[in-house]
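The values are calculated or read from the model by the stated rules, or taken from the named source; none is laboratory data. Worth saying up front: this structure is predicted, and the values here are computed from it rather than measured. Virtual Cβ from ideal backbone geometry, glycine too; neighbours counted across all protein chains shown. Note: areas computed on protein heavy atoms with side chains; ligands, DNA, RNA excluded. Shrake-Rupley method; radii C 1.70, N 1.55, O 1.52, S 1.80 Å.
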Amino acid sequence: KEGINNMELEEMLKIFDYMNIQIENINGKYIEEKHGNGENYYRLELLENSWNFVFVQKEKMNKYDIQKEFMTRREAIKYFCFYELRDMYSNKYLDKIIENNDLIGTDGFEIADLLNIFHTLCIDDKVYTVVGKKNKAVNLVKTSDDMYVVAYINEIGTVIHKTIELDKNTALYAMFRWTYLLSLMNTHITKLSSIGALTEEVGDNEYKILFS
């Protein structure tokens with residue numbers, strides 16, 4: 001297997017630079033998250049005949065926990081890239097909203113409250129629905145009394161990723177996270193494409209990473 005080539009690396013670095021995501025120790029065999037001494041981190045590494053997405057546990061004397069394996073470097077780099085984007089979205093955006101809102105995830109959190117948050121965040125209603133089915137959107141589907149499934153449906157109506165059946169509070173929490181993640185990703189896809197940092201269409205596999 002070949003190492004990371006310049007074109008793939010350049011595109012990934014453009015994305016990370018624009019999104020202010022820091023990585024380090026880049027060479028032809030591996031790339032990894034920027035981390036301090038004693039901090040756990042994720043690493044993409046060429047091991048024998050496959051690329052591996054690895055969780056390095058510093059507190060366990062650098063124990064390697066292989067999370068995923070890929071047969072091609074392109075597939076591996078795309079996974080690493082969108083995994084890091086999802087992590088950044090959670091830390092920079094979602095967690096702050098949740099910390100500053102006393103309702104999200106509580107027994108008092110209702111659908112009306114969820115929609116008010118979406119309105120406050122200027123989230124386009126094209127990317128979600130709480131009634132009926134909508135393509136290229138996060139769908140809240142009621143399965144029984146106070147039980148729901150949250151699902152992302154692609155542009156041709158296929159369910160790409162969904163939760164197990166959840167109680168209402170948990171489902172609304174998941175609905176908030178997924179919808180905000182999708183809104184952020186769509187916004188940044190447009191911006192990254194405009195500056196030439198993203199040259200390939202974002203497909204179902206990338207959306208699966210976002211919601212998993």
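Laid out as a table, the results:
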item: Tally, over region 128-147, of residues that are more than 17 Å from Thr187 (Cβ to Cβ), aliphatic (A, V, I, L, M) and open to solvent by less than 80 Å² (accessible area, probe 1.4 Å); result: 4
item: Every pair of residues 6+ apart whose Cβ atoms lie under 7 Å, when the first sits in region 108-127 and is among the β-branched types (Val, Ile, Thr) and surrounded by 13 or more Cβ atoms within 10 Å (Cβ to Cβ) while the second is at pLDDT 95 or above and outside any helix (DSSP H, G or I); result: Ile111/Val130; Val127/Ala137; Val127/Val138
item: Per-region count, region 142-168, residues in a strand (DSSP E or B), over 23 Å from Val202 (Cβ atoms) and under 21 Å from the mean Cα position of the chain (by Cα); result: 2
item: Residue in region 96-113 that is modelled with pLDDT of 95 or more, within 21 Å of the chain's Cα centre (by Cα) and outside any loop (DSSP other than H, G, I, E, B) present; result: no
item: Sole residue being without any contact (Cβ under 8 Å) to a residue 40 or more places away in the chain, under 22 Å from His161 (Cα atoms) and among the small types (Gly, Ala, Ser), chosen from Gly105, Gly132; result: Gly132
item: Among (1) more than 18 Å from the chain's Cα centre (by Cα); (2) of a type outside the set (Val, Ile, Thr); (3) under 17 Å from Asp124 (Cα atoms), the one test that Ser194 misses; result: (3)
item: Scope region 152-164; condition over 10 Å from Lys134 (Cα atoms) and open to solvent by less than 90 Å² (accessible area, probe 1.4 Å); matching residues; result: Thr158, Val159, Ile160, His161, Thr163
item: Complete set of residues in region 49-66 that are among the aromatic types (Phe, Trp, Tyr) and either under 21 Å from Gly36 (Cα atoms) or at pLDDT 90 or above (or both); result: Phe53, Phe55, Tyr64
item: Total residues in region 165-177, condition within 24 Å of Ile97 (Cα to Cα) and either open to solvent by 20 Å² or more (accessible area, probe 1.4 Å) or at pLDDT below 90 (or both); result: 7
item: Among the residues listed as Glu24, Glu69, the single one being at pLDDT 85 or above, touching a strand residue (DSSP E or B) at 6+ places or on another chain (Cβ under 7 Å) and of a type outside the set (Lys, Arg); result: Glu69
item: Single match in Tyr79, Tyr93 (criterion: buried (at least 19 other Cβ atoms within 10 Å of the Cβ) and not in a loop (DSSP other than H, G, I, E, B)); result: Tyr79
item: Qualifying positions in region 21-70 - open to solvent by 70 Å² or more (accessible area, probe 1.4 Å) and either in contact (Cβ under 8 Å) with a residue 60 or more places away in the chain or not polar (S, T, N, Q) (or both); result: Lys29, Lys34, Glu39, Glu48, Glu59, Lys60, Met61, Lys63, Tyr64, Ile66, Lys68, Glu69
